[in-house]
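Peer 1: Below you will find the structure I want to go over with you.
The values are calculated or read from the model by the stated rules, or taken from the named source; none is laboratory data. Since this is a predicted model, take the numbers as computed values, not measurements. Virtual Cβ from ideal backbone geometry, glycine too; neighbours counted across all protein chains shown. Calculation scope for accessible area: heavy atoms of the full protein, side chains included, ligands and nucleic acids excluded. Shrake-Rupley method; radii C 1.70, N 1.55, O 1.52, S 1.80 Å.
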Amino acid sequence: MNMMKRLRFFYCALIFSLTLLNVSCRKEKKTASAAIVQETPSRYTWYYFSENTYKKAEKLPLVPASISKPWTEAVRISSCGLEDSKTTENPKGFATVNQLGMLVFQGDKINFVNDSEIFKGRTAGNLVFAGEVPVFSVYKSTFFNESISAYQKTHPFLVQFNSEQNVFYPMINIENLGLDESSEITDFIFDGQFWTCSIKKNSAEKVDFSYLTFQSKEDITLLTPYNAQRMLHISETSVDSFRNARKPLDFTAAPERLKKLLTTVPSDIEFSVSVQTVQSHSPRIFSRTKKSSSGQEMLSAKALISDTWIACLFEDGTMYLNGALFEKNILNGGKTMGIKLPKLPVNFVYGDFVITGTTLYASWEETAFYKTKRSGFISVNLDEVLYRR
């Protein structure tokens, strides 16, 4: 059974109230408890990336074609994060836009902050929070981008974003970690205390990988490339340590709220979900597989957990949501609800997301193996979808 057939079966198992969708499903699972709401155009807006900004699109098929690029070089939303809720205002959501800058979402307001000095020619992502401050990484993918010299004068690694001033501040360069100009940190895991990094070093003969971990002696957001070296405790680590920190865990070890949220997913559906709490460290991946391998493609999902709600978005646009959004009542009497985002064309997928106030922002992109073509995001008015229907 191909992915789309499996997803149609997936939808049927989710449906609680058939009148909401005005469709039928002959083999509805008895365990289904989530009401699914079908989106209508008046409730959502498409956006796509073009040149150095984003633009609104009437329909996704009308988005202009784009040149296929490796994901490290393509303009696309590469990671998302959400600050903790405040009692007086909507929390801000953040999205790193690879090669360009940062999107800041707050309720139905969108702000886009460009910085060519930080982003141009660099792969950006891995958005986490150090306290209340959004922090992300950048590096040069010399394998795909030959126009970028591997020996530039500066090699930033960690960058923080001040959302009040809309300014990016480099915190740590690779030189601060005792690395030379031929090295790049291509990935890291932050567990709230330690930063474990994967380092790629290029030479004329070969490419080597090494691993290190570091901890800041003070608040890491106070670091700059001028004081970072003396403020860090650095040690080498092993590839096994990095892989153990990165590898997916069995879904049985997932947070209880997430397991409860996804109870209606049929047991024969295999999926991998990247889970992050608001204003937190690196996400953790949990996967659910069957004992006997079927060769079926595993579905991918993102989950976000806040104090009052939890949501999980699958790549086909199926979202589960439970709890109460900002300054709103508990949804559906405390039962899980489902949202079915607009159907995407073939080779398109949904990715990371945030919910700020009652607005959902979810990334989408057109993919082909390791390359990306068109990309952008969709905004959905959840107040209209969930509370006024």
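Peer 1: Percent of accessible area on segment 216-321 owned by carbon and sulfur, 1.4 Å probe?
Peer 2: The C+S portion of the solvent-accessible surface of segment 216-321 is 49 percent.
Peer 1: Note down the magnitude of the dipole of segment 305-344 about its Cα centre, charges +1 on Lys and Arg C-beta and -1 on Asp and Glu C-beta and zero elsewhere, to the nearest 20 debye.
Peer 2: Computed charge dipole of segment 305-344: roughly 180 debye.
Peer 1: About the Cα centre, and with charges only on the beta carbon of Lys, Arg (+1) and Asp, Glu (-1), how big is the dipole of segment 233-389? Nearest 20 debye, please.
Peer 2: 260
Peer 1: Within the set of other residues whose C-beta is less than 12 Å from the C-beta of Phe161, count the net charge using Lys and Arg as +1 and Asp and Glu as -1.
Peer 2: Residues near Phe161 contribute -3 overall.
Peer 1: In Å and on Cα atoms, what radius of gyration and Dmax does segment 319-389 show?
Peer 2: Rg then Dmax for segment 319-389, in Å: 14.2, 43.
Peer 1: Which of the peptides 332-341, 303-312 is most tightly packed, and how do the rest follow, judged by the mean count of other Cβ atoms within 10 Å per residue?
Peer 2: Per-residue Cβ counts within 10 Å, averaged per peptide and sorted highest first, yield 303-312, 332-341.
Peer 1: Taking 0.36 nm per residue of separation and subtracting the Cα-Cα distance, what length does fully extending Val207 through Thr224 add?
Peer 2: 3.2 nm
Peer 1: Further question: Once the other residues with Cβ under 13 Å from the Cβ of Ile305 are scored (Lys, Arg +1; Asp, Glu -1), what is the net sum?
Peer 2: +2
Peer 1: Note down the nm distance, to one decimal, between modelled labels 7 Å out along Cα→Cβ at Lys335 and at Thr308.
Peer 2: 2.3
Peer 1: Can you list the equivalent-ellipsoid semi-axes of segment 148-237, largest first and in whole Å, using the square root of 5 times each Cα gyration tensor eigenvalue?
Peer 2: Over the Cα atoms of segment 148-237, the semi-axes work out to 23, 17, 11 Å.
Peer 1: Given a Förster distance of 22 Å, report the FRET efficiency between Lys247 and Lys371 from their Cβ-Cβ distance, rounded to the nearest 0.05.
Peer 2: Taking R0 as 22 Å, the efficiency between Lys247 and Lys371 is 0.30.
Peer 1: Further question on the same structure: Counting Lys +1, Arg +1, Asp -1, Glu -1, what net charge surrounds Asp191 among other residues with beta carbon under 12 Å of its beta carbon?
Peer 2: +2
Peer 1: How would Tyr54, Tyr169 line up by accessible area, probe 1.4 Å, largest first?
Peer 2: Tyr169, Tyr54
Peer 1: Among Phe271, Ala253, Ser287, pick out the residue whose Cα is farthest towards the positive end of the charge dipole of segment 240-341, where Lys and Arg carry +1 and Asp and Glu carry -1 on C-beta, about the Cα centre.
Peer 2: Towards the positive end, the residue furthest out is Ala253.
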